[in-house]
Amino acid sequence: MTDVVLVGGGPVGLSLALALRDSGRGLTVLEARPPGPVSDARAIVLSHGSRLILERLGVWAALAGQVTAITTIHVSQRGHFGRTLLNAADLEVPAMGYTVTYEALQAALAEQAIKAEVEIRYAAPVTEAKPGRVTYRQGDTTADLVADLVVLAEGGRGLPLAESTVKDYQQSAVVCWVESERPHAGRAYERFTPEGPIALLPMGSRYALVWTTPTDQVAERLGLADSDFLRTLYAAFGERQGRFVAAGVRTAFPLRMALRGPGDTAGLVRIGNAAQLLHPVAGQGFNLGLRDAWQLAECILDSASGTLDAADLMLRYSRARGADVPAGARMTDFLVDVFAHDPPVIAGLRGAALTALDLLPPLKNGFARKMMHGARTW
Ligand SMILES: Cc1cc2nc3c(=O)[nH]c(=O)nc-3n(C[C@H](O)[C@H](O)[C@H](O)COP(=O)(O)OP(=O)(O)OC[C@H]3O[C@@H](n4cnc5c(N)ncnc54)[C@H](O)[C@@H]3O)c2cc1C
């Protein structure tokens, strides 16, 4: 019997494991993948708030040289007026956010987990999870693990889906690195087009591209010769960075929203993508998941010693996350919807909103702070 069983050693799961390392609680991580580096092409923008948490987890230093600071974010819509510029200097923070590859983030967390002697069982996919008990495979055998608390951090993919609000955006994110004629100088772009947003995120000397693409165009976009892909991107994005001159291997991620929530059964709690899977347009998924992990760790640390009171813990954790997660999900879904429609009247209202945001620093900075720290109840 251990105190906590954690299903999934992805970025959110390992963050929780690290946050609990000095808690005195027994914790076992069950991870479906084999040990070793992961292969995942996505880039993740860490918010300033996430940096602060990763510093406390001892992971930030391990990411040195692998994160690229974003000092300004340029938000605009193709073919219509209105734009806004979010500046780190206005918010008195060193950066609006930091781009890192999923692979580097996962490697830094895994390195810290080894140092902290977190018990991780790799190649151990969980096949069933119930309050206080999980069943997992290890080679040809099946085993059970019993704990006061089971935490699902498996990204919402590995286990039968719980009841959830699901929305299929009929879009995929086509991701790869690209090089532009002009240096990025720390500027990220979020450019809304009728087909979906295009994000260019400074990463090293290049950009990480996240190009939201309607499902029926994904295969074609993935299959284009590099030169045609770069030309199509230039036509869609515009000339702000000059021409695009090189691109890396392209991969696509289907985009859905699935809101399962932390759960309502004592002894079984969901965090990260297992609790809320969001469109990447606002770069909220991992940032929210990291706050889930941090808050759940705080609730566990605040528990009386001895057997965890699973019902009380669930209540405190659900309360703690009550505002942040719904606000992040609503804002993300709103952005996808509001920029997806192109009638002139809507485009005009959007343009006016972007301009108003730019002209009203308190409103703009308040919005940016929410993006960096979430809607706090803590
Ligand atoms: C294109 C794209 C861009 C993104 N950009 C951003 C961004 O800029 N900022 C941001 O904050 N977020 C971003 N996200 C979201 C972010 O990637 C996710 O929110 C984050 O990876 C969630 O982490 P997680 O640990 O919850 O889940 P995952 O990353 O899915 O990890 C889950 C882990 O659980 C393991 N697992 C699965 N099933 C089982 C099982 N049955 N048993 C045991 N283990 C299991 C998996 O092998 C994996 O290691 C983006 C997502 C995409 C697709």
Report summary line: Condition set in a strand (DSSP E or B) and of a type in the set (Ser, Thr, Tyr), scope segment 85-103, selection most open to solvent (accessible area, probe 1.4 Å): answer is Thr101
Query raised in the report: Assuming Gly36 fulfils every condition listed in (1) among the small types (Gly, Ala, Ser); (2) open to solvent by 10 Å² or more (accessible area, probe 1.4 Å); (3) in a strand (DSSP E or B) apart from one, which condition is it?
Result: (3)
Query raised in the report: Among the residues of segment 108-117, is any polar (S, T, N, Q), within 12 Å of the ligand (Cβ to nearest atom) and closer than 30 Å to Ala304 by Cβ?
Result: no
Query raised in the report: Given the conditions (1) open to solvent by 10 Å² or more (accessible area, probe 1.4 Å); (2) in a strand (DSSP E or B), which single one is not true for Ala41?
Result: (2)
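Just one of Val174, Val134 is over 22 Å from the mean Cα position of the chain (by Cα) and in contact (Cβ under 8 Å) with a residue 24 or more places away in the chain; which is it?
After applying the criteria, what remains is Val134.
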Query raised in the report: What number of residues within segment 222-245 are among the hydrophobic types (A, V, I, L, M, F, W, C), in contact with an Asp or Glu (Cβ under 8 Å, 6 or more places away or on another chain) and open to solvent by 50 Å² or more (accessible area, probe 1.4 Å)?
Result: 1
Query raised in the report: Only one of (1) more than 26 Å from Leu16 (Cβ to Cβ); (2) open to solvent by 70 Å² or more (accessible area, probe 1.4 Å); (3) not aromatic (Phe, Trp, Tyr) fails for Arg133. Which number is that?
Result: (1)
Query raised in the report: Within segment 246-273, which residues are of a type in the set (A, V, I, L, M, F, W, C), within 11 Å of the ligand (Cβ to nearest atom) and either open to solvent by 20 Å² or more (accessible area, probe 1.4 Å) or farther than 28 Å from Ile300 by Cα (or both)?
Result: Ala252, Phe253, Leu255
Report task. Would you tally the residues in segment 1-16 being more than 6 Å from the ligand (Cβ to nearest atom) and surrounded by 24 or more Cβ atoms within 10 Å (Cβ to Cβ)? Result -> 5
Report task. Under 8 Å between Cβ atoms, at least 6 apart or on separate chains: pull out the pairs that start in segment 85-112 with a residue that is on the phi > 0 side of the Ramachandran plot and at pLDDT 95 or above and end on any residue that is among the aliphatic types (A, V, I, L, M) and open to solvent by 30 Å² or more (accessible area, probe 1.4 Å). Result -> none
Query - Where Arg182 falls short, out of the listed (1) of a type in the set (D, E, K, R); (2) outside any loop (DSSP other than H, G, I, E, B); (3) modelled with pLDDT of 95 or more - result: (2)
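Output the residues belonging to segment 122-136 that are in a strand (DSSP E or B) and either touching a helix residue (DSSP H, G or I) at 6+ places or on another chain (Cβ under 7 Å) or within 9 Å of the ligand (Cβ to nearest atom) (or both). So that I can check it myself, show each step before the final result.
So the first thing to find is which residues in segment 122-136 are in a strand (DSSP E or B), and the list is 126-130, 133-136.
Those that are in a strand (DSSP E or B) and either touching a helix residue (DSSP H, G or I) at 6+ places or on another chain (Cβ under 7 Å) or within 9 Å of the ligand (Cβ to nearest atom) (or both): Val126, Thr127, Ala129, Val134, Tyr136.
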Query raised in the report: Restricting attention to segment 232-239, does a residue exist that is of a type in the set (D, E, K, R) and under 21 Å from Ala188 (Cβ atoms)?
Result: yes
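The values are calculated or read from the model by the stated rules, or taken from the named source; none is laboratory data. Just so it is clear, the structure is predicted and the values come from calculations on it, not from any experiment. Using ideal geometry, Cβ is built from the backbone for each residue, glycine included, and neighbour counts are taken over all protein chains shown. Note: areas computed on protein heavy atoms with side chains; ligands, DNA, RNA excluded. Shrake-Rupley method; radii C 1.70, N 1.55, O 1.52, S 1.80 Å.
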